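Okay, so here's the structure we're looking at.
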Amino acid sequence: MVSFEPTEEQKMLIESIARYAGTDLRTASRESEESRELPKKLVGKGWELGLLQASIPESFGGFGERSAVTGVLAMEELAFGDLAGALAVMTPSLFAIPILLVGSDEQKNEYLPKVIEGVWQPYTAAIIEYAFDFDADDLRTTATLNDGEYVLNGEKAFVPFAKDAEFILIYAKCDGKTQGFIVPKSSAGLSIRDEREKLMGLNALPLYRIKLDHVMIPASRRLGGAVGHAFEPVLAAMRLASASAALGVARAAFEYSRDYAKEREAFGVKIAQKQAVAFMLAEMRTEIEAVRLLAWETAWKLDQRKEDAYTEAYLAAIGAADMAMTVTDRAVQILGGHGYIRENPVEMWMRNGRGFATFTGLAII
């Protein structure tokens, strides 16, 4: 029987994350967006909650076991507070979770303890490419085996904290399939653009372009070792994380606009009593609940290793991207002219919500 009732341990963790997201992240979100900088103490406090650490077994320095269901619950709460802050806190997961899922034993022993020990460190990953037809299963960046080493060529976009990262997990097409490669930032031929990406939203999250010009990587640094790895589990975890983050942003926009509608009066009545507004709010809530159930079911199937989990992760991601855009846009509509000014956060949530169609690879659970 499928049950989505969280365990006591999950409840405690999610309650802690919800408090952090609702106070620390939400409070700092507007200033961080305007200044294009997230306070280090803010990110560090989120890291200390131990979400990634709780996903890593004790044998690799953690104190738990990975649960996709826990990840879904946590990511929604973090993004409810602030999307940029949520992605920043969880950036080391982009490097660690793929190694945990499909890395070799040697890679797990070498890298996982480094990532989760002590304070937050900017381990990151690069998968997105600056192309209108970007497809994670058909990358333009290539990796070719030559005399026992892989030669990487191509360009990557939207790489979080790339300028500060010691190691970057870079994905490339190798033998016709997507494979990850653990690349030191100091590698010859790897260059990072000084200027940060300029996007409609996510301005507080430092994102960079990367260029790979004949970067030589030992075969041992191919994710999974010389034999490589399956990409489906990694991509599913990325898609599910994106769907969960979209839920958090959409829920924030819905709750804010709902509360506004209950307080705002027009022609002597609360606008929430207006049929057009009431219908919009009902549809927003319906869309959120539908995608949430799909995300939870997908997470449960991933944990149970069900055969159709990867397909459902794709459906959850595309459904969540559409839902986030619809809900955040309607939140702006409900606030009317007030929704278009920066005194209210719905315009920021709408800008962030618009990006979920291209955010695959910025989060993983």
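The values are calculated or read from the model by the stated rules, or taken from the named source; none is laboratory data. All values derive from a computational prediction rather than experimental measurement. Because the Cβ atoms are built from the backbone with ideal geometry, glycine has one as well, and the counts that use them run over all protein chains shown.
Quick notes on this structure:
- When Ala172 is tested against (1) without any contact (Cβ under 8 Å) to a residue 60 or more places away in the chain; (2) under 19 Å from the mean Cα position of the chain (by Cα); (3) assigned to a strand (DSSP E or B), exactly one condition is not met: (2).
- The range 58-79, residues that are part of a loop (DSSP other than H, G, I, E, B), in contact (Cβ under 8 Å) with a residue 24 or more places away in the chain and either hydroxyl-bearing (Ser, Thr, Tyr) or surrounded by fewer than 18 Cβ atoms within 10 Å (Cβ to Cβ) (or both): Gly61, Ser67
- Against the test of being in contact (Cβ under 8 Å) with a residue 24 or more places away in the chain, on the phi > 0 side of the Ramachandran plot and not charged (D, E, K, R), the options Gly336, Gly319, Gly355, Gly361 yield a single qualifying residue, Gly361.
- Of the residues making up the range 126-148, those that are in a strand (DSSP E or B) and not β-branched (Val, Ile, Thr) number 4.
- Just so you know, in the range 149-169 the residues that are part of a strand (DSSP E or B) and charged (D, E, K, R) include one that is farthest from Ser93 (Cα to Cα), and it is Glu149.
- Verdict on Asp137 being surrounded by fewer than 16 Cβ atoms within 10 Å (Cβ to Cβ), at pLDDT 95 or above, touching a Pro at 6+ places or on another chain (Cβ under 7 Å) and not β-branched (Val, Ile, Thr): no
- Residue that is surrounded by the most Cβ atoms within 10 Å (Cβ to Cβ) [pool: residues in the range 102-119 that are of a type in the set (Gly, Ala, Ser) and touching a residue at least 12 places away in the same chain (Cβ under 8 Å)]: Gly103
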